[in-house]
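The values are calculated or read from the model by the stated rules, or taken from the named source; none is laboratory data. Worth saying up front: this structure is predicted, and the values here are computed from it rather than measured. Cβ atoms come from the backbone with ideal geometry, glycine included; neighbour counts cover every protein chain shown.
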Amino acid sequence: MMRDLSPLLRLFWQERRRALLGGAALMAATLLAGVALLGLSGWFITATAAAAMAGAAATFDIFAPGAGIRLLALVRTGARYGERLVTHDATLRMLARLRERLFRGYATPNAAGALRLRPARLLFRLTAEVDALDSLYLRVLAPIGAALAVALLLSLGLWLAHPSLAWPVMLLLVPAGGLLPWWVARAALRPNRRRALALEALRARAVDLAQGQTEWVMAGRAAAQADAVLAADTRLAQAEDALNRLDARSGALLFMAGQAALVVTLLVSATLVEQRAISAPIAALALLAALAGLEAFTPLRRGALELGRAWLAARRLGPRLRAPDATPPRATAPQGVALRMAGVSLHYPGAGAPVLNGLDLQIAEGECVALVGESGAGKSSILALIAGEAEPAEGSIALPDGRPRTVWMSQHPALFQDSLRDNLLLAAPEAEDAALLAALDAAGFTPVLAAMPEGLDTRLGEGGFGLSSGQTRRLALARALLRPAPLWLLDEPTEGLDRATAQDLLRSLHPRLSGHATLIVTHLRREAVLADRVVLLRDGRVQAEARQGDPTHAGLLDILRPD
């Protein structure tokens, strides 16, 4: 368990060391002030009653203990407020830092590719599992430190009053307060694992049911998917029921241990008073201090119940926290070269043969290259390698210096449920509205915008819902125009569009290609004719290439689908 928690603990210690230690100290001060307050109050009441019975009420000093009680009450209140402020501030800042680190970790090529197949998992990691880690400090680490401080100082205080008064706390309350959370933590591991898996399955299946309801109904599987959601919900309820039963059982055991310590302390105190070894006020102080000492161990029980959940989250998130950098380093291409791929090989896990095998490809600045080949030849893999979403097994990839280096316009552009303006600002966060309108006009989107009463403030649906395929591509083109990268990557930009819409988009795109090196992955002749050079990919290598005007150029175009 510690091996899985160590990256997280190391990050906590490096980032918020003072705040975490300060919060634990304030928590300990709160508990100690509570123990001292209850003990001193018991001593004061008992001593006052004893003085009155002895006829010495007139000479009994009520001011010093009264002032002590007021001081302890103020300390307890102030420490509680400070503890809540410091611990929660430190925890929330750490969770924000964790999410930043996880975003960077999940932006690495292999992680991003795997999560793209199961996007609900990424959402679960960044929300529920990060939230589960707040209990690691608030309910485990800080309470352990506070409980140790209370146990040590309470035992020492009772020992100074009389050694016999410390034994009930040391032999009953402290072992029970330490061993019981350990047992709870071990017993809760399996239900916590089942709960985490069931919750993740429930979220994923519910999202699949909501987003794919049309497909489920058309396939006649809507009822089966609904049953799968209910099955995950049932497993989640069973896991939570097991945790609730464990919580109730551990609470009862801790209460019984506390009462046992209290009864033994009462018997020992009564015996010592009868032997005149201590006074009745000291006996009352010891009894109430032992009762208040139970409060220090109560948070440990709840923390132990949450520890398994935090451990599972740390086990899943730990590898991403150790990710060195989200952006893999790239070599810098020489002057006049926009892309150079030398001896590049790519092999996907589980594949029988490499997708790319010793590929060599070079694109000059300002040159437009069409990459053609059969489906599965590795064209999209080349785009993923250039964009940094995959890493080559062998070879090198060199790009122009500076940021950004590439713009990738895929055939399925990513649009968000937000305004047109905010979707465009993803490419240029500082751009003014005039620049946004100019980019939309250059992409041929102005007639569409004119029909929108709210203009740039028009909100899109999820995934750009409300726009046609052609309008979506034009909006993606406008966003690409706002990002001045030296290399453009176009993945079948007009695939799936009707002829008229595709021709309009290409007319908007063609004049914008000048000044940029461009790599177009295509199966269509109408897209390849824009290129200065056509490159045929086969068996993971460049098999043939031809420039416009070469004798073989027309032959390469003829293997493509007509317009």
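Tabulated data for the structure shown
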| item | result |
| --- | --- |
| Looking only at the stretch 391-434, and only at residues there that are of a type in the set (Asp, Glu) and in contact with a strand residue (DSSP E or B) (Cβ under 6 Å, 6 or more places away or on another chain), the one that is surrounded by the fewest Cβ atoms within 10 Å (Cβ to Cβ) | Asp401 |
| Residue within the stretch 289-307 that is within 36 Å of the chain's Cα centre (by Cα), at pLDDT 85 or above and basic (Lys, Arg) present | no |
| Val35, sole failed condition from (1) among the β-branched types (Val, Ile, Thr); (2) farther than 26 Å from Thr298 by Cβ; (3) touching a Gly at 6+ places or on another chain (Cβ under 8 Å) | (2) |
| Residue match in the stretch 395-407 (condition: over 18 Å from Ala480 (Cβ atoms), aliphatic (A, V, I, L, M) and more than 33 Å from the chain's Cα centre (by Cα)) | no |
| Top-ranked residue of the stretch 334-352 - restricted to ones that are exposed (fewer than 14 other Cβ atoms within 10 Å of the Cβ) and in contact (Cβ under 8 Å) with a residue 40 or more places away in the chain, ranked as farthest from Leu385 (Cα to Cα) | Pro334 |
| Lone unmet requirement of (1) farther than 29 Å from Trp182 by Cα; (2) touching a helix residue (DSSP H, G or I) at 6+ places or on another chain (Cβ under 9 Å); (3) surrounded by fewer than 21 Cβ atoms within 10 Å (Cβ to Cβ); (4) at pLDDT 75 or above for Trp13 | (1) |
| Count of residues meeting criterion [touching a residue at least 12 places away in the same chain (Cβ under 8 Å) and among the charged types (D, E, K, R)] in the stretch 1-50 | 3 |
| Residues of the stretch 42-90 that turn out to be acidic (Asp, Glu) and more than 55 Å from the chain's Cα centre (by Cα), as a count | 1 |
| Filter result for Leu74 (modelled with pLDDT of 80 or more, among the hydrophobic types (A, V, I, L, M, F, W, C) and surrounded by fewer than 14 Cβ atoms within 10 Å (Cβ to Cβ)) | yes |
| Count of residues meeting criterion [without any contact (Cβ under 8 Å) to a residue 60 or more places away in the chain and under 53 Å from the mean Cα position of the chain (by Cα)] in the stretch 268-286 | 0 |
| Ala478 part of a loop (DSSP other than H, G, I, E, B) and buried (at least 16 other Cβ atoms within 10 Å of the Cβ) | no |
| Residue in the stretch 518-560 that is surrounded by the fewest Cβ atoms within 10 Å (Cβ to Cβ), counting only those that are on the phi < 0 side of the Ramachandran plot and among the acidic types (Asp, Glu) | Asp558 |
| Some residue of the stretch 155-169 being out of contact with any His (no Cβ under 7 Å at 6 or more places or on another chain), β-branched (Val, Ile, Thr) and modelled with pLDDT of 85 or more | no |
| Residue satisfying condition, being under 28 Å from Gly378 (Cβ atoms), among the charged types (D, E, K, R) and in the same structural domain as Ala384 (by TED's automatic domain parsing), within set Asp498, Asp539 | Asp539 |
| Boolean, Ala204 is under 29 Å from Pro299 (Cβ atoms) and in contact (Cβ under 8 Å) with a residue 60 or more places away in the chain | no |
| Qualifying positions in the stretch 448-466 - closer than 17 Å to Asp433 by Cα and either surrounded by 11 or more Cβ atoms within 10 Å (Cβ to Cβ) or charged (D, E, K, R) (or both) | Val448, Leu449, Met452, Glu454, Gly455, Leu456, Asp457, Thr458, Arg459 |
| Qualifying residue in the stretch 462-479 (condition: out of contact with any helix residue (DSSP H, G or I) (no Cβ under 7 Å at 6 or more places or on another chain), among the polar types (S, T, N, Q), modelled with pLDDT of 80 or more and under 23 Å from Ala554 (Cα atoms)) | no |
| Single condition Thr552 does not satisfy, out of (1) in contact (Cβ under 8 Å) with a residue 12 or more places away in the chain; (2) of a type outside the set (Phe, Trp, Tyr); (3) within 23 Å of Gln362 (Cβ to Cβ) | (1) |
